[in-house]
Amino acid sequence: MLVTLIVFLSLGAASSILQNHFADRMAQGYLMEYCLSTAIVQVLLSLLVMWIMKRNNLFYKNEFTSKGLWKGLKLGWLAYIFAVLLFSLNYMGQDKTLFITPNPLYVLIVLFSALATGFLEEILVRGFVLNAINVKLLNVKDGTKKAMLWSSMIFALAHFFNLVMNPNFLPVLANVIQAFMLGLYLAAIYVLSENLLAPSIIHGLIDFASFIFYAILSPEALSKMMSGTQAAVSSGQILVTFFVQIAITVPFLIAALLMMKNVKQKVPKEVI
């Protein structure tokens with residue numbers, strides 16, 4: 001959808017500008033200014049999306065309260081296990097001498113950045129796109145389920161923008177497939193809980209499992225990461241990594257399909 005494309009392009013443009021602005025600091029392994037600035041941009045874009053939702057009668061105020069929040073957070077149990085495993089695998093794969101005692105402020109910054117990312121993507125894809133499609137399919141059999149599938153597909157395809165930062169097609173394709181499975185899972189949590197904050201928090205915690213390394217790795221390690229200094233990887237290793245990335249995300253697809261059995265037609269409620 002046009003709004004989704006514009007928001008993702010705006011975020012990409014802002015990210016590129018900020019990368020250029022903080023290039024020297026990032027090259028030295030200091031990423032906090034970039035993380036904080038990007039998070040602020042995402043908050044501003046979230047406010048823009050909320051305004052667009054209101055203009056299109058898609059902003060349902062009951063979905064931004066505590067009602068249904070606990071139910072949604074409980075449905076996200078698989079994501080918490082995944083986040084812990086993701087952190088553990090990344091941690092075990094790092095040289096332990098590269099870790100530092102984290103600055104609490106830096107941890108808060110990356111947490112804010114992760115939650116801002118989760119909120120923007122959820123309010124855009126689940127809050128706006130899913131609901132916009134659902135309204136069009138109100139009188140269609142399994143309209144809400146179809147809206148969940150279509151919005152997850154749009155969410156996944158948007159990840160092809162990662163090719164701008166990573167020209168290697170196979171890793172990006174893996175991200176696209178993962179985004180679809182995770183997106184469908186978050187869509188199911190959103191529809192069943194009727195709360196948009198729950199998938200936003202869950203999404204943010206998954207991102208935090210990766211973002212936290214920006215706060216606990218030494219500047220030297222982050223500098224090497226940002227410069228792309230790494231050992232050569234064979235095509236065989238890339239292929240194995242591709243299938244591993246898909247395999248670890250399949251449980252989300254299974255969980256989503258199981259939850260979708262309980263999904264009924266979503267009828268718009270109170271609109272601001």
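Okay, here's what the table says:
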read-out: Qualifying residues in segment 134-146 (those that are among the β-branched types (Val, Ile, Thr) and modelled with pLDDT under 95) - the one nearest to Leu47 (Cα to Cα); value: Val135
read-out: Residue match in segment 69-77 (condition: at pLDDT below 95 and loosely packed, with under 14 Cβ neighbours inside 10 Å); value: no
read-out: Segments classed as helices (runs of 4 or more DSSP H), wholly inside segment 98-202, with at least 3 members that are closer than 25 Å to Val244 by Cα; value: 104-122, 143-158, 169-193
read-out: Those residues of segment 130-144 which are surrounded by fewer than 19 Cβ atoms within 10 Å (Cβ to Cβ) and not hydrophobic (A, V, I, L, M, F, W, C), in sequence order; value: Lys136, Asn139, Lys141, Asp142, Gly143
read-out: Some residue of segment 113-126 being surrounded by 13 or more Cβ atoms within 10 Å (Cβ to Cβ), within 14 Å of Phe213 (Cα to Cα) and at pLDDT 95 or above; value: yes
read-out: From Tyr190, Tyr185, Tyr91, Tyr106, residue being surrounded by fewer than 17 Cβ atoms within 10 Å (Cβ to Cβ) and not β-branched (Val, Ile, Thr); value: Tyr91
read-out: Residues of segment 32-74 satisfying the condition of being free of Cβ contacts under 8 Å to residues at least 60 places away in the same chain, aliphatic (A, V, I, L, M) and touching a helix residue (DSSP H, G or I) at 6+ places or on another chain (Cβ under 7 Å); value: Val41
read-out: Within segment 205-216, tally of residues that are under 21 Å from Ile254 (Cα atoms) and either touching a Phe, Trp or Tyr at 6+ places or on another chain (Cβ under 9 Å) or not in a helix (DSSP H, G or I) (or both); value: 2
read-out: Segment 23-57, subset crowded, with 19+ Cβ neighbours inside 10 Å and either small (Gly, Ala, Ser) or over 21 Å from the mean Cα position of the chain (by Cα) (or both), residue modelled with the lowest pLDDT; value: Met26
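The values are calculated or read from the model by the stated rules, or taken from the named source; none is laboratory data. In this text, all values refer to a predicted model and were calculated from it rather than measured experimentally. Every residue, glycine among them, receives a Cβ derived from its backbone with ideal geometry; neighbour counts consider all protein chains shown.
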